[in-house]
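Trainee: Take a look at this one; I'll ask things after.
The values are calculated or read from the model by the stated rules, or taken from the named source; none is laboratory data. Bear in mind that the values here come from a model prediction, so they are computed numbers and not experimental data. Neighbour counts run over all protein chains shown; Cβ positions are idealised from the backbone, glycine included.
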Amino acid sequence: MNTNLYNYLLGIADNSLILGQRLGELCGHGPSLETDIALTNISLDLFGQVRSYYQYAAKVAGDNRDEDTIAMMRPEREYVSVLLVEQPNTDFGYVIARQFLFDVYHYMFLTELQNSKDETLAAIAKKSIKEVSYHVRFSSDWIKRLGDGTEESHKRIQNAINDLWTYTDELFHQTEADKEMINEGVGVDTSKLKEQYYKHISEVLNEATLVVPDLKYFQKGGKQGMHTEHMGYILAELQYMQRAYPNMSW
Amino acid sequence: MIEHADIDTELIPILDKVSDPEIPVLTILDMGVVRYAKLVDDLVFIKITPTYSGCPAMDVIADDITTAFKKAGYKVNIDLILTPAWTTDWISEEGRDALEKYGIAPPLEADADKEALLGNKRIVKCTNCGSHNTKLVSQFGSTACKALFQCEDCQEPFDYFKCLK
Ligand SMILES: [Zn+2]
């Protein structure tokens, strides 16, 4: 099997799986009907995209793995999602800040992935980017509404941005698999997106009357399977059914 | 550019009986999700493409196609394809009319769609009274493909099918 391609696929898909799971927790618990529906719709989009990546990964693996075992049956250390997406739904400010910081990256990443030499990846990217353009519009819109809203909403969204900022740099870290896939013209060279990412984020934050954090130290580890304390709880819920009733299906 | 689906004419009457599970007034042909249908000997090859990646209707659609062809005496082989990606341009004229009668405003062109979804312009036509004096309630509606609007003249809330290109 092409181990680099397999790991590269997980590197993309795990982000969307864990973020989708986080958003799914809000089903029926959103602060308003509109946002509840929006966030769970985004969750559904992400899960749909994840299925395409895992189905492809299962094909690349070429053994008895399928999309479900890849999604549900790995131990924590084998999930290679970035730390940003596993951060909890502390309040609506955190939900929106996390979404915005990821969506902007996701949109830029998929824009480039459309040019991948790997036809399947390019096809998934072309499909997904249409959906993600709605996500980024939604979260950017809310950053402005909260930042330029009331004193309380401004304070909360600023706190969330300040706290989550430390997880943004990891989006641009490259694993060995990433580097190999970039060399082969399959993967996206994320180092080329970094400057544009921070520039765009800063523009939106400024427009939202928010302060761009000035931070020198960033957290990392998710891409190596070293997660924060939140990850275990997410996986416990995600994997419960398959662990309790192996091979169960709906 | 609209990419045309490649469908054998003799198979159209069978496909035309399969409706979209979430919008039953529309057939899957009206929705444009069937991209290919060819009869080879007694086996029908079909390619369908999802509207949205996470669309839960795709599995049901595949099952319904299988059932429809079985009833007509054919064996069927269904492939899910992602490229070219579905666009609202593939919804037929009949489909757009059916959507509107059903209470879902059909998609506008991309630029107009953006203005409507950002709440900048009042251009989505109320499916109840025809007024354009309508406002955006939510960018996301009951399913990922729809947004929620309300008419300021007759007060009726209604879905708007978002443009996807
Ligand atoms: Zn009206």
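Trainee: I want to confirm something. Restricting to region B:98-120 and keeping residues that are of a type in the set (A, V, I, L, M) and over 22 Å from B:Pro50 (Cα atoms), which single residue is farthest from the ligand (Cβ to nearest atom)?
Mentor: For region B:98-120, the residue satisfying everything is B:Leu118.
Trainee: While we're here: So which residues in region B:121-136 are near the ligand (Cβ under 9 Å from one of its atoms), in contact (Cβ under 8 Å) with a residue 12 or more places away in the chain and in a loop (DSSP other than H, G, I, E, B), if there are any at all?
Mentor: Selection gives B:Lys125, B:Cys126, B:Thr127, B:Asn128, B:Cys129, B:Ser131, B:Asn133.
Results for (1) within 16 Å of the ligand (Cβ to nearest atom); (2) outside the structural domain of B:Ile12 (by TED's automatic domain parsing); (3) in contact with a helix residue (DSSP H, G or I) (Cβ under 6 Å, 6 or more places away or on another chain), shown as yes or no for each residue.
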position	(1), (2), (3)
B:Ala85	no, no, yes
B:Arg96	no, yes, no
B:Ser138	no, yes, yes
B:Phe149	yes, yes, no
B:Glu156	yes, yes, no
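Trainee: Tell me, which residue of region B:137-160 that is touching a residue at least 24 places away in the same chain (Cβ under 8 Å) and not in a loop (DSSP other than H, G, I, E, B) is farthest from A:Thr40 (Cα to Cα)?
Mentor: Here the answer is B:Cys151.
Trainee: Looking at region A:25-39 only, could you name the residues that are out of contact with any Asp or Glu (no Cβ under 9 Å at 6 or more places or on another chain) and either at pLDDT 95 or above or crowded, with 24+ Cβ neighbours inside 10 Å (or both)?
Mentor: If the condition is that a residue be out of contact with any Asp or Glu (no Cβ under 9 Å at 6 or more places or on another chain) and either at pLDDT 95 or above or crowded, with 24+ Cβ neighbours inside 10 Å (or both), then A:Ala38, A:Leu39 are the ones that fit.
Trainee: Which residues, taken from region B:127-150, are farther than 27 Å from A:Cys27 by Cα and either polar (S, T, N, Q) or crowded, with 22+ Cβ neighbours inside 10 Å (or both)?
Mentor: B:Thr127, B:Asn128, B:Ser131, B:Asn133, B:Thr134
Trainee: Also, quick follow-up: Here are A:Gly48, A:Gly93: which of them is closer than 21 Å to A:Ile234 by Cα, away from chain B (no Cβ under 14 Å), of a type in the set (Gly, Ala, Ser) and in a helix (DSSP H, G or I)?
Mentor: Within the list A:Gly48, A:Gly93, the selection yields A:Gly93.
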